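K.L.:
Sharing a structure below in structure tokens format, with a few things to ask.
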Amino acid sequence: MCGIVSLVYKDETTNMGREATELLKRLEYRGYDSTGASFIDRDRNIVVVKRVGAPSVVTRDLAIPSYKGQRFIGQVRWATYGAVSDVNSQPHHVRCKVEMVGAHNGNISNTDSLKLELGRRGHDVVSDNDGEIIVHLVEDHYAANLAAPDAALAEAGAALAAAAIPGEPVPPEVLLIVDAIRKAEAEADGSYAAAVADPRVPGVFAIKSGSSLYAGVGHDADGPFTVVSSDLTSVLAKTRLLIPLAEGEGVWYTHDRYVIFTLHGRLRFSSPAPKRSRLNVRDTGLDPRFKYYMEQEIRSAPSNIDEIARYYFADPADEAAAAVFEPRARAVAAILDEAGTLSSRADDAALAAAFGELAGSAAFRELSAELAKAGASVARPAYASDDAALLSDLARLLPARAADLAILDLASVWRKRRGITRRVRELESMIRSTRAAGGTVYLIASGTSYHAALTAAYFFGGLSGIAVQACNPGQFRSAYLDGISDADMLLAISQSGETKDLVDILQDVSVSRPSVRRVSLVNNENSRIPQELSDFYLPILCGPEIAVAATKSFVNQLVILYILAASFSMDAGTVLAKVRQAGVLLARTLETAAPSIDTVAAMLAGRPSIHLLGTGLIGLAREGALKIREVVLNHSEGYDAAEFKHGPNTILGKNTVFSLAEVERAVDAALAAARRGSGAADARALFAEDPSIVESLFGDYPLVFVCPPDERDIRITISQIHTHKIRGADIILFAERRSDLEVAALGAPAGNAAYRPAFVEIPASGDRYLFVFAATVALQYLAFRMSVLKMHELDALGVAGHGVHPDAPKNVSKSITVD
């Protein structure tokens, strides 16, 4: 995953380079293999500066803040097609037939064949990068349109006339480029977003074809502007007025105008009014209390659980208001729908006037009177609904209308809660009917979400007595797809709602077994999986997640899956109490266990390989291992504790997985031998002369056990600890305090003075399911601390390009897909 960003002002500004730098830095989590910026000045000259390296480094080294311009297109790259090199960096400046500049993020899967074809058409493709392919394709079709414009102009002119776009006529060159983009899109296979520009044609063109892309309009010290980016935070850093841009659409934009066009099928133009985002940059920014997003997101878990409780359970404090809303559901919906149009009011005066009209309507006044008559409390310490940002804007403009704004907030929460709780009941009914019909409930997900699915199977089996089948898309395709029946159901789990492997499975099932019911659990409610490929969905409600490694989204997935499983054996009040207890456990774990986790992190940060063993908790063990692999870059694997003895235990004792500390000991021993006057001609001879040098490389292997408070699991864990520590393992145990567990972990095997154990006490719950939540944040925090320690150590050693970072580790990337 890469990232693109573009900014257009009316006039050339000396601030453009500084603006470009800040926007590129906001994309660093999406790519750091290379960074580039292109500027178009008032004289229509293109300047491109780009180089291998992260935005935080390249923007400084190439003095990007010093550049001026009227238009800007930039890109950060996470390499897929083409090596990490300057020539493969983006943007690409082409001039084979007409001069253009552009960049993309995503993948063009037929790059190799298109490169050959473009060569036959007379293009000089100088890189191996698929982003250059897109720019050349647009250039090629645009040049053809310039030579023979009539057909393209006729089609575009008719579509433009039908759309009745306000303002000045759209220049014919713009229409020719729109046609060229549509033809390029038809040739390119893949999922991507792109931005291209011709210096002689006003504005920039952006394409949303399978990858995230956001656009916004605003006004700053340099005048009106339009900003476009793969990353929502980049846009929100400049403005909260977003241009509605859907998948399969492109947009042409200048500093104060934009026209949207379709990429496929019949050409259609539109120019919808901008809407205020429900988020602002504070929702995606780094709290001053933290240095890294990963820690901020781990520590946000307790408050995120409060958000789930708000929408997944009835609130007794809102009962009186709910009693007023329910019989007037249509009237409330009409008021909220009208309130939803307020976000399209671009200026404050229009916004305040529109709200005044709404609040003064007969329907709104009647609703207000009924709430007062019922004694419903509408006052809140802070707005809680999805419209909180908009309501805060209105509160600033209309402080005297606080009560009316509170009614809107209360009604918005009520409507969303009503919809979610209905869908929860529907899903519970669907699971029951699937089981009654002899069908199978498949939980399908990738990566971290797959580990949530594995943990959900633990919840469902123990709490509801219902067996569910957790699998990733590859497993489902190879083992189950051809054997599913109409009695089965699929629950797809995805943070982004756009996971390609999962999309493919849902598409295949919709074609081969259209009667199979499909439900999704997602964070991005406007993405493809919930909107196009599911019968209905449930929201994760964790908000934007900036760090590449998923943490808070995993916790929220677990909470909602726990709610679903527990609802088969507990009443709603009991489940809610358990969920709130989980939130308390998360907070207590982060408070009380942090010092011991810091100690363990110091022990493990330099160890090149680790195994995490979950007793009955394979999903949690795998997720803990994944977090370490992602942000520490140490090899780590997760196993069920009892399974480890079936082969993986061969790594215990002497092995050839050496840490930096062990190599240092060996080098010190070799230097000592040299000082003693060893006559060995080479290292191998020296090792033979002094076997202690090689022996100094070997040490006990770290095993991290995670044991829930269950008697059977405790017995298994104690047995496995004793089995493995005598064979050369250092034992680190995460568990609630029990003397027998503690003694088993901390007691050194006879004759092993080098044994290094640790015990991380998880706050007591006495509940093996609630333990999962506390252990989750403990393991997440362990990975975070290991990452920071290892990063600092490698930095101190001067290791360039090591890629260890808690927010943006090498070779992995992530897209923010929540608005």
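The values are calculated or read from the model by the stated rules, or taken from the named source; none is laboratory data. Everything numeric here is computed off the predicted structure, so don't read it as measured data. Here the Cβ is made from the backbone with ideal geometry for all residues, glycine too, and neighbour counts use every protein chain on show. In case anyone asks, the SASA skips ligands and DNA or RNA and just uses the protein heavy atoms, side chains included. Shrake-Rupley method; radii C 1.70, N 1.55, O 1.52, S 1.80 Å.
K.L.:
If TRP414, TRP78 are ordered by their accessible area, calculated over protein heavy atoms with a 1.4 Å probe, which sequence runs from highest to lowest?
P.N.:
I get TRP78, TRP414, largest accessible area first.
K.L.:
Pop out the ³J(HN,Hα) list for segment 437-445 in order, Karplus 6.51 cos²θ - 1.76 cosθ + 1.60 with θ = phi - 60°, rounded to Hz; leave Gly and Pro as x.
P.N.:
For segment 437-445, the Karplus-derived couplings read 7, x, x, 10, 8, 9, 9, 10, 6 Hz, x marking Gly and Pro.
K.L.:
I've got another one for you. What residues of segment 249-275 lie in the reach of a label at ALA154, counting those whose backbone N is under 16 Å from a point 7 Å from the Cα along Cα→Cβ?
P.N.:
Counting backbone N atoms under 16 Å from the label point, the list is 267.
K.L.:
Using the scaling law 2.2 N^0.38 Å as the reference, what is the normalised Cα Rg of segment 250-308? Display every interim value, and only then the final one.
P.N.:
Details: Rg = 19.1 Å, N = 59, 2.2 N^0.38 = 10.4 Å.
That ratio works out to 1.85.
K.L.:
Taking the Cα centre of segment 665-728 as the origin, how large is its charge dipole in debye, to the nearest 20, when only Lys and Arg (+1) and Asp and Glu (-1) carry charge on their Cβ atoms?
P.N.:
Values: 8 positive and 9 negative charges, 16 e Å.
With Lys and Arg at +1 and Asp and Glu at -1, about 80 debye.
K.L.:
Each residue of segment 297-308 in turn: what ³J(HN,Hα) in whole Hz from Karplus with 6.51, -1.76, 1.60 and θ = phi - 60°, glycine and Pro shown as x?
P.N.:
The phi angles translate into 6, 4, 6, 7, 4, x, 5, 5, 5, 4, 5, 4 Hz.
K.L.:
Here is a follow-up. [x] 0.99; [y] 1.56; [z] 1.04: which one is Cα Rg over 2.2 N^0.38 Å as calculated from this entry?
P.N.:
Among [x] 0.99; [y] 1.56; [z] 1.04, the one calculated here is [z].
K.L.:
Order TYR142, TYR639, TYR458, most accessible first, counting only protein heavy atoms with a 1.4 angstrom probe.
P.N.:
On the way: TYR142 5, TYR639 60, TYR458 35 Å².
My answer, sorted largest first, is TYR639, TYR458, TYR142.
K.L.:
For segment 356-507, how big is the tail of P(r) above 18 Å, as a whole percent of Cα pairs?
P.N.:
Details: 7955 of 11476 pairs.
The answer is 69 percent, as a whole percent.
K.L.:
Turning to a different aspect of this structure: Considering only C-alpha atoms, what is the centroid distance from segment 81-102 to segment 746-783, in Å?
P.N.:
So the two Cα centres are separated by 51 Å.
K.L.:
Which net charge results for the neighbourhood of LEU660, defined as the other residues with beta-carbon distances under 14 angstrom from its beta-carbon, given Lys and Arg at +1 and Asp and Glu at -1?
P.N.:
Details: positive: ARG607, ARG665, LYS790; negative: GLU662, GLU664, ASP668, GLU793, ASP795.
So the environment of LEU660 carries a net charge of -2.
K.L.:
Right, next: Considering only protein heavy atoms and a 1.4 Å probe, what is the carbon-and-sulfur percentage of the accessible area of segment 711-788? The partial results should precede the final answer.
P.N.:
Working: 1440 of 2770 Å².
Carbon and sulfur: 52 percent of the exposed surface of segment 711-788.
K.L.:
Also, quick follow-up: So what is the 222 nm mean residue ellipticity for the chain from helices alone, if each DSSP H run of at least 4 adds -39500 (n - 2.57) and you divide by all residues, rounding to the nearest 500 deg cm²/dmol?
P.N.:
Details: 29 runs with 362 residues, N = 819.
Value at 222 nm, helices only, nearest 500: -14000 deg cm²/dmol.
K.L.:
Please identify the trypsin sites (Lys or Arg not before Pro) of segment 137-217 that satisfy two criteria: DSSP loop assignment and at most 16 other Cβ atoms within 10 Å. Which are they?
P.N.:
Details: sites: ARG182, LYS183, ARG200, LYS208; in loops: ARG200.
Answer by residue number: ARG200.
K.L.:
Further question on the same structure: Would you work out which of ALA602, PRO514, SER496 lies farthest towards the positive end of the dipole of segment 494-608? Charges go on Cβ: Lys and Arg +1, Asp and Glu -1.
P.N.:
ALA602
K.L.:
For the chain, what does the accessible surface come to per residue with a 1.4 Å probe? Please give it in Å².
P.N.:
Details: 31530 Å² over 819 residues.
Solvent-accessible surface per residue comes out at 38 Å².
K.L.:
Quick one: Karplus J couplings for segment 646-654, per residue in order, coefficients 6.51, -1.76, 1.60, θ = phi - 60°, nearest Hz, x for Gly and Pro?
P.N.:
8, x, x, 5, 5, 6, 6, x, 6
K.L.:
Additional query: Mind putting a number on the dipole of the chain about its Cα centre? Charges go on the C-beta only, +1 for Lys and Arg and -1 for Asp and Glu, and I need it in Debye to the nearest 20. Walk me through the intermediate numbers first.
P.N.:
Working: 84 positive and 98 negative charges, 185 e Å.
Using Cβ point charges on Lys, Arg, Asp and Glu, the chain gives about 880 debye.
K.L.:
Taking H placed 1.01 Å from N in the peptide plane, check which residues at least 5 places from LEU612 or on another chain put their amide H under 5 Å from its amide H.
P.N.:
Hits under the 5 Å cutoff: GLU637, GLY638, TYR639, VAL704.
K.L.:
For VAL555, what is the net charge nearby, where nearby means another residue's Cβ is under 13 Å from its Cβ and Lys, Arg count +1, Asp, Glu -1?
P.N.:
Within the 13 Å Cβ shell, the charges total -2.
K.L.:
So which trypsin sites (Lys or Arg not before Pro) in segment 265-346 are both in a DSSP loop and have at most 15 other Cβ atoms within 10 Å of their Cβ? Intermediate results must be reported in sequence, preceding the final value.
P.N.:
Details: sites: ARG266, ARG268, LYS275, ARG276, ARG278, ARG282, ARG289, LYS291, ARG299, ARG310, ARG328, ARG330, ARG345; in loops: ARG266, ARG268, ARG278, ARG289, LYS291, ARG345.
Passing sites in segment 265-346 are ARG266, ARG268, ARG289, LYS291.
K.L.:
Additional query: Roughly how many percent of the accessible protein surface of segment 330-373 is carbon and sulfur, given a 1.4 Å probe and a whole-percent answer? Write down the numbers at each step before the final one.
P.N.:
Values: 1180 of 2170 Å².
About 54 percent, which is the carbon plus sulfur part of the accessible surface.
K.L.:
Just add up the charged neighbours of ALA374: K/R +1, D/E -1, any other residue whose Cβ is under 13 Å from the Cβ of ALA374. Kindly include the intermediate steps, with their values, before the conclusion.
P.N.:
Details: positive: ARG328, LYS373; negative: ASP318, GLU319, GLU326, GLU366, GLU370.
Charge balance near ALA374 sits at -3.
K.L.:
Hey, any idea what % of segment 1-127's accessible area is carbon plus sulfur with a 1.4 Å probe?
P.N.:
The nonpolar share, carbon plus sulfur, comes to 47 percent.
K.L.:
Find which of THR455, SER553, ASN88 sits farthest along the positive direction of the dipole of the chain, computed with +1 on the beta-carbon of Lys and Arg, -1 on that of Asp and Glu, about the Cα centre.
P.N.:
Looking along the dipole axis, the top candidate is THR455.
K.L.:
Hey, another quick one. Ranked from the most accessible area to the least, with a 1.4 Å probe and all protein chains present, what is the order of GLU695, GLU545? Let's see the in-between values first.
P.N.:
Numbers: GLU695 90, GLU545 5 Å².
Most to least solvent-accessible, the answer reads GLU695, GLU545.
K.L.:
Note down the magnitude of the dipole of segment 132-263 about its Cα centre, charges +1 on Lys and Arg C-beta and -1 on Asp and Glu C-beta and zero elsewhere, to the nearest 20 debye.
P.N.:
I would put it at about 380 debye.
K.L.:
Are there any trypsin sites (Lys or Arg not before Pro) in segment 553-589 that are in a DSSP loop and have at most 13 other Cβ atoms within 10 Å? List them by number. Don't jump to the answer; show the numbers that get you there.
P.N.:
Working: sites: LYS578, ARG580, ARG588; in loops: none.
Passing sites in segment 553-589 do not exist.
K.L.:
Here's a follow-up. If you take the charge dipole of the chain about its Cα centre, with +1 on Lys and Arg Cβ and -1 on Asp and Glu Cβ, which of ALA321, VAL217, PRO702 is farthest toward its positive end?
P.N.:
Working it through, the farthest residue towards the positive pole turns out to be ALA321.
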